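Enquirer: The structure's right below; bear with me while I get my questions together.
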Amino acid sequence: MKDLLEKYTQLSDDHQKEVIDFINFLLNKQEKPNSFDVQAYRQEIQSVSVWSDHDLAPILESKAQIDNWKPNEW
């Protein structure tokens, strides 16, 4: 531990902050359970918006018009 502290004090302030940030990252990762919540996932998926055919019609119409454009020749 003493060796670690000696090396830490030799680092610049920016690098010391990086070390602290990395340690905090590891601690947060360790504290969080890595379980998958199926109910929460289903709720999240159900909240995704869905486009109807009516919503897509103007986009498809515009696409068809763009496909029919003839570029000017040089």
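Every number in this text was worked out from the coordinates using simple rules, so none of it is lab data. The shown structure was predicted, so the numbers you read here are calculated from the model rather than taken from an experiment. Positions of Cβ are generated from backbone atoms using ideal geometry, with glycine treated the same way; all protein chains shown enter the neighbour counts.
Enquirer: Given the rule -39500 (n - 2.57) for each run of at least 4 DSSP H residues, summed and divided by the residues of the chain, what is its mean residue ellipticity at 222 nm, to the nearest 500 deg cm²/dmol?
Expert: My calculation for the chain gives -22500 deg cm²/dmol from helical runs alone.
Enquirer: Taking R0 as 30 Å, what FRET efficiency do you get between SER62 and TYR41 from their Cβ-Cβ distance, rounded to the nearest 0.05?
Expert: 0.30
Enquirer: Among the lysines, which fall within straight-line cross-link reach of LYS17, defined as a Cα-Cα distance under 22 Å, with same-chain neighbours fewer than 8 residues apart omitted?
Expert: Counting by Cα, and skipping residues close in sequence, LYS17 has these lysines nearby: LYS2, LYS7, LYS29.
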